[in-house]
Structures are given as structure tokens and as C-alpha cells.
Amino acid sequence: MSDSCSHLDEELAQGSKRRILWLVFCINLIMFFVEGISGWLAQSNALMADALDMLGDSAIYAFTLFVIQLDPIWRTRAGILKGIIMSLFALGILGSAIYRVYYHATPDASTMGIVGGLALAANLFCAYLLLQFKNDDVNMRSAWLCSRNDVLANLGVLVAAGGVAWTGSHWPDLAVGVIIAVLILQSSFGIFKDARLELKENGTDPTPSA
């Protein structure tokens, strides 16, 4: 009877996770298109960086949904894959920033502020939904980290919008784009570390011990 109740509780928890992940996935995908189109029209590196971050997060939430019913080892391996995705997107953002150093275009601060504020509200809601699951495993922790990064990136976009409006220069926008990329890289390294610890605890760490 105890085993049956435990199994039922786990099924209910997994069902709750799936519903929340689907909602967060849809919100992120919608905001990717909103920020991507707005960033392109406004010539904003910070908005484009945030949009790419949202696209990467959408892929990460999709992976999280795919492996949530699998064995814990597959969730951990998926965490490693998600860390790789995050790193690639961060490098892409850095490349975009380097390009815009030579392509001088002052972004539209008002568009950055409006879209950044909308994205912040959406991502605060997502972070709140995922907060209760952040310590379950590396799979859910990576999802929550993505949502937390989105909130910080949105705040950065708002700061960049204020900097552009104040200085009339594109440099605040570029600086925030680089900071967002560094933040994503830092989180990806954290996911790699957590995943390796879980693999080691399960006795499947392929790295030979000294």
C-alpha cells in the first residue's frame, strides 16, 4: 500500500511538472518571436540576444519534457546536452555583438523598453512556476536556471534601453548583450558541474579518477 501511494504521488508530481513545462515552453516560444522581430526592427543587440536566449530555453524546456518520464540517468544526460545548447547560443550572441561593434546603428530605446518590460513580466511568471521544482534534479534545475537567466536578461534589456536613451549611443546595448552571453555561459558551466556530480553519484561518470 505504501509503495502504491508513493508511486501515485510521483505520477501526480510528474503530471504537474509536465503541465507547467508546457506552459513555460509556449510562453518562451511566443516571446522569442516577439523579441526577435522587435530586436531586428529596433536594431537592438540586447533584444536579439534575449530572443536567442528564449529560443534556446524553448529547446531546453522541450528536452526537459521529453526526458521527464525516463530514468534519472537520461535526465542527467539531457542536462549535459542542454548545457551545450546554452553555450552555443551564448557564443552566437558574442559573435553578434562583435559584428555590431563595426556596424554602428543606434537602437530604438522605446521599443527596447516596451518589449523588455513585457518579456520581464512573462519570465517572472515562468520563474515563479518553476521555482518549486528547482531542487528536484539537474533536469528541472536547468529549466529553472534558464528562467532565472531570462529574468536577469530582461532587466538588462531595460537597463540597456535606459542607457541608449540617455547617451544616444549603441554601446549600452552592446554591453548588455555581452553580459547576457556571459551569464548564459556561466549557467551552462553550472549545469555541466551538476550533471557530472549526479553521474558520479550514480557511478556512471566516464572521467577516470586520479
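Using Cβ contacts closer than 10 Å as the measure, can you line up C126, C26 from fewest to most? By the 10 Å Cβ count, ascending, the order reads C26, C126. Quick check: net charge around I114, other residues with Cβ under 14 Å of its Cβ, Lys/Arg +1 and Asp/Glu -1? Overall, the nearby charge balance is -3. Listing D108, D53 from fewest to most neighbouring C-beta atoms within 10 Å gives D108, D53. With the simple model of a label 7 Å out from the Cα in the direction of the Cβ, A165 to L124 spans 1.7 nm.
The label-point distance for N135 and F33, in a model that sets each label 7 Å from Cα toward Cβ, rounds to 3.8 nm. Backbone geometry of region 32-45 corresponds, through the Karplus equation with coefficients 6.51, -1.76 and 1.60 at θ = phi - 60°, to 3J(HN,Hα) couplings of 4, 5, 4, 6, x, 5, 5, x, 5, 5, 8, 6, 9, 5 Hz, x marking Gly and Pro. With neighbour counts taken as other beta-carbon atoms within 10 Å, the residues K134, K200 rank, fewest first, as K200, K134.
Bear in mind these aren't lab numbers, they're just calculated from the coordinates by the rules spelled out. Every value quoted in this text rests on a predicted model; they were computed, and no experiment measured them. We place every Cβ from the backbone using ideal geometry, glycine too, and count neighbours over all the protein chains shown.
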